[in-house]
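The values are calculated or read from the model by the stated rules, or taken from the named source; none is laboratory data. Since the model is a prediction, treat every value here as computed from it, not as a measurement. Don't worry about glycine lacking a Cβ; one is built from the backbone with ideal geometry, like all the others, and counts go over all protein chains shown.
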Ligand code: ADE
């Protein structure tokens, strides 16, 4: 079996990490049991480009238990947990191509290696598999039944492809499931972003001006958790509705140029480019800390910062100090890549459980329904979404009411009033 991981000696440590995550992934375990019995993915080859974490390992093991042949490559050069990658190879015979800190060239060569499986289904976090297949590996298109996409950024890219009629197979937008973005994006990114900042810097957030750029589901989570730790939260937004929501949630809202002058910590979660420009960086207070939790490392103008800096030094793991003019220094965390995965361990298993339950069931949905699917981006069927929510509640020992017949009739009728 071909693979490329950092060090196979780390496998035992990775095995324990995978087990620890598994214990918190009840819904996925439930699906795994069912998959093991019925093998519904038998004969399916699946290439996945996801963050190589303990949670992803549990998804890969589940897909394999369902009869699929899988290959895994990283969806970011800095997010791989090397011990987990080694354990997947050693204990589960799953080919993994991922090394934490790999350069861009290796990153793309790993994507090529994972595609050697000639997949029937692709599973993306950021649409790099789809993009590589459509641009350089079109010969693979004839086998492909469909794909899934994990994240907002990927869904945006794929919808743009579908709009241009450039998308050559159907995609299910796992990100758009309610049991994904309400929880993973808000509570997962919210907590793990703060975790990454604290692990890398050990700063006190209380009393700091924390600028959160973007008030989507991830931004909401980051703002909520920063506020909870005593920070004065400032939001920057371009969307008027979201900006208004942030105001009414109790945050200060202002343009980036203004926030740049007063922020102590800046966190980008917009999914867009150059949200923090060199001009903004030059206006910042000495000692300002910059980081990103959006999918790609394009939100902060790191190239501009590097070019402008008189000198730089790595001062802690994942912290580089850049000296600008006249002793003006700025700290960049995790090279401007996803700080929650670079310096911490990503979202906790309890939320990834629902995201990856959606992934597993979306893959099965493609296998069973691809003939009726068009070359567009689909949402996860609501039936699957609601089933996952119910299973999650059950695993938490929480029961809820159901509508009585009278209530159900009332909701379906337009005849009753006061
Ligand atoms: N994205 C964010 N957190 C993650 C995790 N723990 N595993 C896989 N993908 C993630």
Subset of the range 85-122 [farther than 18 Å from residue 57 by Cα, in a loop (DSSP other than H, G, I, E, B) and out of contact with any strand residue (DSSP E or B) (no Cβ under 9 Å at 6 or more places or on another chain)]:
101, 103
Do we find a residue being in a strand (DSSP E or B) and more than 24 Å from the chain's Cα centre (by Cα) anywhere in the range 229-248?
yes
Of the conditions (1) more than 16 Å from the ligand (Cβ to nearest atom); (2) farther than 11 Å from residue 201 by Cβ; (3) touching a strand residue (DSSP E or B) at 6+ places or on another chain (Cβ under 9 Å), residue 337 fails just one. Which one is it?
(1)
Filtering the range 185-201 down to residues that are more than 11 Å from the ligand (Cβ to nearest atom) and either out of contact with any helix residue (DSSP H, G or I) (no Cβ under 8 Å at 6 or more places or on another chain) or without any contact (Cβ under 8 Å) to a residue 60 or more places away in the chain (or both) yields 186, 190, 194, 198, 199, 201
Residue hits (the range 16-25; crowded, with 22+ Cβ neighbours inside 10 Å and either modelled with pLDDT under 95 or more than 21 Å from residue 90 (Cα to Cα) (or both)) are 25
Only unsatisfied item for residue 28, checking (1) buried (at least 23 other Cβ atoms within 10 Å of the Cβ); (2) without any contact (Cβ under 8 Å) to a residue 60 or more places away in the chain, is (2)
For residues in the range 343-366 being assigned to a helix (DSSP H, G or I) and within 11 Å of the ligand (Cβ to nearest atom), which is surrounded by the most Cβ atoms within 10 Å (Cβ to Cβ)?
353
Residue that is surrounded by the fewest Cβ atoms within 10 Å (Cβ to Cβ), among those in the range 215-242 that are in contact with a strand residue (DSSP E or B) (Cβ under 8 Å, 6 or more places away or on another chain) and more than 14 Å from residue 259 (Cα to Cα):
227
Just need a number here: residues in the range 361-383 that are more than 20 Å from the chain's Cα centre (by Cα) and under 19 Å from residue 66 (Cα atoms).
7
Candidate set from the range 33-70 (those that are more than 16 Å from the ligand (Cβ to nearest atom) and part of a helix (DSSP H, G or I)); member that is farthest from residue 143 (Cα to Cα)
33
What is the residue count in the range 129-165 for residues that are within 16 Å of the ligand (Cβ to nearest atom), crowded, with 23+ Cβ neighbours inside 10 Å and closer than 25 Å to residue 105 by Cβ?
5
Residues that are without any contact (Cβ under 8 Å) to a residue 60 or more places away in the chain and surrounded by fewer than 22 Cβ atoms within 10 Å (Cβ to Cβ): list the strands (runs of 3 or more DSSP E) wholly contained in the range 267-326 that include at least 1 such residues.
311-316, 319-323
